[in-house]
Amino acid sequence: MATLEKLAKDLHMKPNDLMRESLEVFLGRKLKVVEAELFLLAKRYGVKDVFEFDKMVREGRFHEEDAFEDYFNFDNLEAERDLILENLEKI
């Protein structure tokens with residue numbers, strides 16, 4: 001397995017630059033996957049975010065037992081998206 005220092009040298013980069021760019025690419029790809037999953041959930045229920053979804057469940061537009069798993073998935077995906085975006089800003 002290649003080490004960061006060896007790979008950076010082979011690519012004529014500084015190890016920190018390689019690490020930063022690698023993290024940006026990884027997080028960017030992860031963000032696309034999370035956003036695609038969020039889009040599908042939002043489209044399925046006709047909402048834009050978990051707060052609107054929660055409101056619709058409380059109003060009885062969706063049966064809580066039918067939407068329970070999707071609600072928590074939606075919430076977790078939004079939290080993951082926020083974490084990814086927060087970390088991308090720090091890089």
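So that you can scan it fast, the table gives a plain yes or no per residue for (1) of a type in the set (Val, Ile, Thr); (2) more than 17 Å from the chain's Cα centre (by Cα); (3) modelled with pLDDT of 95 or more:
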{"residue": "Asp17", "(1), (2), (3)": "no, yes, yes"}
{"residue": "Val33", "(1), (2), (3)": "yes, no, yes"}
{"residue": "Val57", "(1), (2), (3)": "yes, yes, no"}
{"residue": "His63", "(1), (2), (3)": "no, yes, no"}
{"residue": "Asp82", "(1), (2), (3)": "no, no, yes"}
{"residue": "Ile91", "(1), (2), (3)": "yes, no, no"}
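If you go through region 1-15 and pick out every residue that is basic (Lys, Arg) and either within 18 Å of the chain's Cα centre (by Cα) or surrounded by 12 or more Cβ atoms within 10 Å (Cβ to Cβ) (or both), you end up with 2.
Would you tally the residues in region 68-90 being within 19 Å of Leu40 (Cβ to Cβ) and either loosely packed, with under 12 Cβ neighbours inside 10 Å or in contact (Cβ under 8 Å) with a residue 60 or more places away in the chain (or both)? Qualifying residue count, region 68-90: 3.
Would you say Phe51 is in a helix (DSSP H, G or I) and under 25 Å from Asp70 (Cβ atoms)? The answer is yes for Phe51. Per the listing Arg61, Arg44, Arg20, the residue uniquely surrounded by 11 or more Cβ atoms within 10 Å (Cβ to Cβ) and in a loop (DSSP other than H, G, I, E, B) is Arg61.
The values are calculated or read from the model by the stated rules, or taken from the named source; none is laboratory data. Everything numeric in this text was worked out from a predicted model, so none of it was measured. Reconstructed Cβ throughout: ideal geometry from the backbone, glycine too, with neighbour counts over all protein chains shown.
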